[in-house]
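K.L.:
Let me give you the structure first, and then I'll get to my questions.
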Amino acid sequence: MGRCRLLALALIALAGLGLARGARAHTGGAEHDPLERFNRAMFWFNDRLDVYAIEPAAKAWDAVLPDRVQRSLSNFFDNLRFPVLLMNDLLQGKGNAAAIDYTRFMVNTTIGLAGFFDPATPLGLPKQNEDFGQTLGKWGVEPGPYLVMPILGPSNPRDLVGSGVDSVFAVYPWVVEFPYTIVSRAVDIVNFRSLVLDDVREAKAASVDYYAAVRAAYTQRRERLINDGIELSPEQQQDLYQVEE
Amino acid sequence: MTTDRWWRRRITPWLVLGLGIASLTQARPALGEDSPTQVVETTTNAVIAVLANKALSAEQRRQQVEGIVYEHFDFVTLSKLVLARNWKQLSPQQQDAFVAEFKRHLSITYGRNVESYNNERAMVTGDRREAGDDWTVKTKIVRPAAAEILVDYRLRQLDGQWRVIDVTIEGVSLVANFRSQFQEIITAQGPDKLIELLREKNDRGEPLKSDASA
């Protein structure tokens with residue numbers, strides 16, 4: 001693990017240096033998006049990739065596999081995220097969440113048959129949503145400018161560093177041989193995409209500028225996750241709801 | 001697209017429930033003043049009753065939900081908040097046209113979802129007075145075999161009646177989301193272009209799925 005820790009520290013240092021002075025995200029109005037030209041190009045590329053490759057694959061997947069099976073696969077991949085969840089719970093000092101995630105993993109891996117089922121949720125142990133991008137946010141690291149990455153999609157420098165750290169701590173890629181992790185990643189992506197076919201279609205239909213809609217949703221949702229559902233700041237409320245006439 | 005984990009909460013289709021739930025039974029006479037929470041609570045049950053009523057056609061359900069939403073949403077305030085500073089740049093005619101097209105846009109895009117109803121239930125989990133005398137009513141939508149969805153309504157009093165001025169689903173506000181979309185169009189191309197874009201999109205609006213397959 002020496003190598004991982006070093007890499008993680010390097011990434012954290014990078015995040016601290018590069019992002020601390022990043023601009024504040026504005027939940028209410030137009031988001032901070034100085035890289036819009038680049039982002040729109042990447043967004044377009046990702047959309048083409050989705051329309052011509054991932055979505056068709058997901059539709060075929062959806063046609064063959066019942067929803068039940070798709071949800072089971074999704075549970076399985078969620079369960080594999082346990083080390084990442086636990087690490088981030090602990091780094092944010094969330095003892096309760098850490099206990100929930102630990103128990104969830106134990107219950108779902110055993111009674112839930114290697115994680116394909118999720119008996120923990122009905123037992124009052126709901127799924128937690130944590131990642132290292134949120135941990136950095138909790139520690140006060142600013143997100144920096146909105147950034148659309150090829151293939152990876154919507155992000156920002158803080159969350160990008162977060163995904164890097166999370167993937168180091170995902171454990172199973174270090175245990176399982178490389179070709180298998182690639183296949184499992186592909187299955188995860190196609191399976192996930194098949195579960196949100198309708199949602200993505202609706203989101204596209206419901207927006208006038210899909211790029212801006214995704215940007216706004218991503219920015220707001222990340223902020224809300226970092227604050228764990230705690231409400232908008234008075235300034236944000238002012239910005240959003242008190243329009244001077 | 002791998003990192004959009006926020007999609008996992010499946011935000012969009014629930015906006016129909018979201019929009020619907022915030023309002024009251026159709027044509028129900030006002031019995032004095034309902035509190036914001038009462039407005040949201042009574043509505044929750046009313047919209048779900050319409051959605052669950054399989055005796056109605058999809059189009060009838062859509063119309064009834066639309067009626068409820070129209071009665072309990074303040075689309076003028078919603079439009080002002082969405083356009084923010086730009087609102088004042090619009091002439092009264094442009095403002096009216098924008099409100100009409102925006103309302104139609106919401107109705108068309110979310111109205112299609114009446115067919116996705118799958119035994120969801122909704123419950124009020126709390127409320128809070130906000131700055132400027134607004135109220136937030138927090139609810140959650142409980143779905144069989146899927147994660148809960150948190151939906152917050154922001155209400156403002158107009159002529160003695162509490163009306164919804166924003167819906168926030170899993171942390172994503174309708175007002176903020178559309179503000180971000182419209183901001184650039186209006187700055188770069190002007191209000192007429194925005195209204196025209198909305199109108200074009202609305203005129204192309206897809207019919208209900210069941211109508212399309214019939």
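K.L.:
What number results when the radius of gyration of chain A, computed over Cα atoms, is divided by 2.2 N^0.38 Å?
P.N.:
Output field value: 1.07.
K.L.:
Give me, ordered by chain and number, the residues 5 or more places off A:GLY112 or on other chains with an amide H under 5 Å from its own placed amide H.
P.N.:
Those qualifying (amide H under 5 Å, at least 5 residues apart or on another chain) number zero.
K.L.:
In whole Å, how far is the Cα centre of region A:187-228 from that of region B:47-114?
P.N.:
Value for the Cα centre distance between the two parts: 22 Å.
K.L.:
OK, next. Protein chains only, probe 1.4 Å: how do B:HIS105, A:HIS32 rank by accessible area, largest first?
P.N.:
A:HIS32, B:HIS105
K.L.:
Under 20 Å Cα-Cα from A:LYS59, which lysines qualify once same-chain neighbours fewer than 8 residues away are excluded?
P.N.:
Of all the lysines, those that pass the test against A:LYS59 - Cα under 20 Å, at least 8 places apart if same chain - are A:LYS204, B:LYS209.
K.L.:
Kindly state, as a whole number, the per residue volume in cubic angstrom of the convex hull around the alpha carbon atoms of region B:38-196.
P.N.:
Cα convex hull per residue, to the nearest whole number: 128 Å³.
K.L.:
What is the mean number of Cβ atoms from other protein chains located within 10 Å of the Cβ atom of each residue in peptide A:233-242, rounded to a whole number?
P.N.:
Mean partner-chain Cβ count within 10 Å for A:233-242: 4.
K.L.:
Report, as an integer, the average count of C-beta atoms from other chains found within 10 Å of each Cβ along A:215-228.
P.N.:
The per-residue average across the peptide is 5.
K.L.:
Can you compute 3J(HN,Hα) from phi for each residue in region B:153-158, using the Karplus curve 6.51 cos²θ - 1.76 cosθ + 1.60 with θ = phi - 60°, rounded to whole Hz and x for Gly and Pro?
P.N.:
10, 9, 10, 9, 8, 9
K.L.:
Continuing with the same structure: Ignoring ligands, DNA and RNA, what percent of the 1.4 Å accessible area of chain A is carbon and sulfur?
P.N.:
Percent of accessible area from carbon and sulfur atoms in chain A: 67.
K.L.:
Provide the per-residue ³J(HN,Hα) series for region A:154-164, in order, calculated from phi with Karplus coefficients 6.51, -1.76, 1.60 and θ = phi - 60°, each as a whole number of Hz, with x at glycine and proline positions.
P.N.:
Listing the rounded values in order: x, 6, 7, x, 4, 6, 5, 4, x, 4, x Hz.
K.L.:
With θ set to phi - 60°, apply the Karplus curve 6.51 cos²θ - 1.76 cosθ + 1.60 along region B:98-111 and write out the HN-Hα couplings as whole Hz, x wherever there is a Gly or Pro.
P.N.:
Couplings: 5, 4, 5, 6, 5, 4, 5, 4, 4, 5, 5, 6, 8, x Hz.
K.L.:
Same structure again: Tell me, what is the 1.4 Å probe accessible area of A:LEU225, in Å² to the nearest 10?
P.N.:
About 30 Å², ignoring ligands and nucleic acids.
K.L.:
If you don't mind, another one. Solvent-accessible area of B:VAL47, probe 1.4 Å, all protein chains present, reported in Å² to the nearest ten, please.
P.N.:
0 Å²
K.L.:
I need the semi-axes of the equivalent ellipsoid of region A:66-201: take the C-alpha gyration tensor, multiply each eigenvalue by 5, square-root it, list largest first in whole angstrom.
P.N.:
24, 21, 15
K.L.:
Here is a further query. What residue among A:LEU195, A:LEU147, A:LEU160 shows peak mean-square fluctuation when chain A is described by a Gaussian network model with Cα springs under 10 Å?
P.N.:
A:LEU195
K.L.:
Once amide H atoms are placed 1.01 Å from N in the peptide plane, what residues at a sequence separation of 5 or more from A:HIS32, or on another chain, have their amide H within under 5 Å of its amide H?
P.N.:
Here the answer is A:HIS26, since their amide H atoms fall under 5 Å of that of A:HIS32.
K.L.:
Next up: I'd like to check one number: the per residue accessible area of region B:105-174, probe 1.4 Å, reported in Å² as a whole number.
P.N.:
Result: 38 Å² per residue.
K.L.:
I'd like the interface area for chains A and B: accessible area of each alone minus the complex, both sides summed, 1.4 Å probe, protein heavy atoms only. What is it in Å² to the nearest 100?
P.N.:
4800 Å²
K.L.:
Going from the alpha-carbon gyration tensor of region B:144-207, what semi-axes, largest first and in whole Å, does one get by taking the root of 5 times each eigenvalue?
P.N.:
Equivalent-ellipsoid dimensions as semi-axes: 27, 19, 14 Å.
K.L.:
Something else: Would you kindly find the accessible area of A:ASP239, with a 1.4 Å probe and non-protein molecules such as ligands, DNA and RNA excluded, rounding to the nearest 10 Å²?
P.N.:
Here the accessible area works out near 50 Å².
K.L.:
As a test of the definition: which semi-axes, in Å, follow for region A:183-224 when you take the square root of five times each eigenvalue of its alpha carbon gyration tensor? Largest first, please.
P.N.:
23, 15, 8
K.L.:
Provide A:PHE169, B:PHE102 ordered by accessible surface of protein heavy atoms (probe 1.4 Å), highest first.
P.N.:
The most accessible residue leads, giving A:PHE169, B:PHE102.
K.L.:
What is the set of long-range amide H partners of B:PHE73 at a cut-off below 5 Å, with H atoms built 1.01 Å from backbone N?
P.N.:
B:VAL164
K.L.:
Whenever you get a sec, line up B:PHE178, A:PHE178 from highest to lowest accessible area (probe 1.4 Å, protein heavy atoms).
P.N.:
Result of the area sort, largest leading: A:PHE178, B:PHE178.
The values are calculated or read from the model by the stated rules, or taken from the named source; none is laboratory data. Owing to the predicted nature of the structure, the values given are computational and were not obtained by experimental measurement. Ideal geometry is used to build each Cβ from the backbone, glycine not excepted, and the neighbour counts take in all protein chains shown. These accessible areas exclude ligands, DNA and RNA; they are computed on the full protein's heavy atoms, side chains included. Shrake-Rupley method; radii C 1.70, N 1.55, O 1.52, S 1.80 Å.
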